[in-house]
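Take a look at this one; I'll ask things after.
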Amino acid sequence: MSVRILVDADACPVKEEIYKVAFRLNVPVVMVSNSRFRIPEHPLVARHVVHDGFDAADDWIADEADARSLVVTNDILLADRCLKAGARVVAANGKPFDGNSIGNAVATRAIMADLRAGLGEGIGGPKPFSREDRSRFLQALDTMLTALLRG
């Protein structure tokens, strides 16, 4: 199987950037979501709509991910599953997940969930998505895809 990009697409803020890099490098993209949304009419772009079950999109992506896949997701637990399948994973802010960083990310996620459960939602969330995040994502996506294509 050739290199491809699997996108956790429902809340992905960098769809246009993914298309731009994929078209330039001639890499297929699968947009995975729980509902239909507009995608470019292009032979490199496919849509996979899953049923409404809890984590259905995550399950499909994790089952499809392999060493020739680059997964775009902000979901830390999905990132962990995809890394275990051999995929490369990057968040929409350009932060790559890898074997060295995923353990800390999973632990931090668990701590924050516990804090929210005990203190409520008043502890804040992630900072707003920025132009710098978009730029960092473009660079990370290009770098990771180029490395995958070189083998």
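Quick one: what are the phi-derived ³J(HN,Hα) couplings along the range 45-54, Karplus 6.51/-1.76/1.60 with θ = phi - 60°, whole Hz, x for glycine and proline?
In residue order, the calculated couplings are 10, 10, 10, 10, 9, 9, 5, 7, x, 4 Hz.
Give me a comma-separated list of calculated 3J(HN,Hα) values for the range 140-151, in order, Karplus coefficients 6.51, -1.76, 1.60 applied at θ = phi - 60°, integers in Hz, x for any Gly or Pro.
5, 4, 4, 5, 5, 5, 4, 5, 4, 5, 6, x
Taking amide H positions as placed in the peptide plane 1.01 Å from N, state which residues far from residue 47 in sequence (5 or more) or on other chains have amide H under 5 Å from it.
Those lying under 5 Å, H to H, from residue 47 are 31.
Between residue 143 and residue 36, what is the FRET efficiency for a Förster distance of 41 Å, r being their Cβ-Cβ separation, to the nearest 0.05?
Here the calculated transfer efficiency is 0.85.
Ok, one more. Percent of alpha carbon pairs in the range 23-62 separated by more than 14 Å? Don't skip to the answer; put the middle values down first.
Details: 379 of 780 pairs.
When every Cα pair of the range 23-62 is considered, 49 percent fall beyond 14 Å.
Now for a separate question. Where a Cα-Cα gap under 18 Å defines reach, which lysines qualify for residue 84, not counting those fewer than 8 residues away within the same chain?
Cα-Cα hits under 18 Å: 95.
Bear in mind that the values in this text are calculations on the coordinates, not laboratory data. Because the structure is a prediction, the values reported are computed rather than measured. Here Cβ is always computed from backbone atoms with ideal geometry, including for glycine, and neighbour counts include all displayed protein chains.
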